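Asker: For reference, the structure I am asking about is given below.
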Amino acid sequence: MKRFDNKVAAITGAGSGMGRALALQLSAAGCHLSLADRNAPTLEETARIVQTLAPAVRVSTRVLDVSDRDSVFAWAEETVAEHGGVNLVFNNAGVALSSTIEGMSYSDLEWIVNINFWGVVHGTKAFLPHLKAARDGHIVNTSSVFGLFAQPGMSGYNATKYAVRGFTESLRQELDMMRCGVSATCVHPGGIRTNIAQSSRVAQNMVGFMVESEQQGKDEFEKFFITSADDAARAILNGVKHNARRVLIGRDARAADWLARTLPAAYQALVVMSARREAAKARRRASRSSAATP
């Protein structure tokens, strides 16, 4: 897909971050939009911005929980009914969880799997028949740098993002075999400046193990966010134009990809060394803070 004008794009997580950036850049290119997010106020804010900047673009919105299969399929049908078809699907919505495996609750694991993995599956399966009917479509699924390499305390997140990677790579191969006019791209962002860190769940078992407090853990996570959402969206859309199988976003994602491919087993020891060092720093900070408290 070389052009986006007069196409229709469906975007999850459109209320903020990369989802909003994708909506703004696509609308600037003349692409009509079907936007979805769980947060109604931020979703409507994105729609208002788009309609102000690109009044000729048709915009529809849906408050949506991507883990709800029936709701996602209903949204796909609504999109086609309102726009006359659909060409692009960005399964972008996601959440983060920090927890040890031993201490992780099944409810937290089910929460992240239902959104990060099943949300992608639902979006892909709901829209794929419509994309094939248009014979001009593209599915963009958001994995992560953590779909390229693992780290302690992020097993739930790693599991979902590795799953998205495998799912999307298999999907792309099937679509190539079908020659049906539809393609797929897997996106691996590094640290993107969005609100995912502050909205993430940090389990209590991480306190004293890798972080000194829940908020400190979120703040430390956020320090690694080095790429803007606008730059990320630009890289994704460029990847779609070039029919890329994989899009790495940020020098951190490229470095992680190189490390995992060059040292597929040994990189884990390097990660453990780094994590131990950072955990020790967190414990020392916590100790100093406790000593200073009267």
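What follows draws every value from the coordinates through simple rules; no lab data is involved. Fair warning: this is a prediction, and the values are worked out from it, not measured in the lab.
Asker: Met154's amide H: which non-local residues (gap 5+, or another chain) put their own amide H closer than 5 Å, with H modeled 1.01 Å from N in plane and none for Pro or chain starts?
Answerer: Ser99
Asker: Taking 0.36 nm per residue of separation and subtracting the Cα-Cα distance, what length does fully extending Ala40 through Asn6 add?
Answerer: Taking Ala40 through Asn6 to full extension adds about 9.6 nm, to one decimal.
Asker: Over all alpha-carbon pairs in segment 1-120, figure out the percentage whose distance exceeds 21 Å.
Answerer: 38
Asker: Using the alpha carbon gyration tensor of segment 8-289, what are the three equivalent-ellipsoid semi-axes (square root of 5 times each eigenvalue), largest first, in whole Å?
Answerer: After scaling each eigenvalue by five and taking roots: 33, 20, 17 Å.
Asker: What Kirkwood Rh does segment 239-279 have if only Cα atoms enter the pairwise 1/r average? Answer in Å.
Answerer: 11.9
Asker: What translational D, rounded to a whole number of µm²/s, comes out for segment 96-168 from Stokes-Einstein when the hydrodynamic radius is the Kirkwood one over Cα pairs, at 37 °C and 0.692 mPa s?
Answerer: The estimated diffusion coefficient comes to 249 µm²/s.
Asker: Could you sort out which of Lys7/Lys132; Lys2/Lys125; Lys132/Lys161 sit more than 19 Å apart by Cα distance in this structure?
Answerer: The answer is Lys2/Lys125; Lys132/Lys161.
Asker: While we're here: Using 0.36 nm per residue of separation minus the Cα-Cα distance, give me the extension gain between Glu278 and Tyr106 in nm, one decimal.
Answerer: 59.2 nm
Asker: Mind listing the long-range amide H neighbours of Ile249? Cut-off is under 5 Å, sequence gap 5 or more, other chains count too, H placed in the peptide plane at 1.01 Å from N.
Answerer: Sorted by chain and number, the residues that satisfy this are His188, Gly190.
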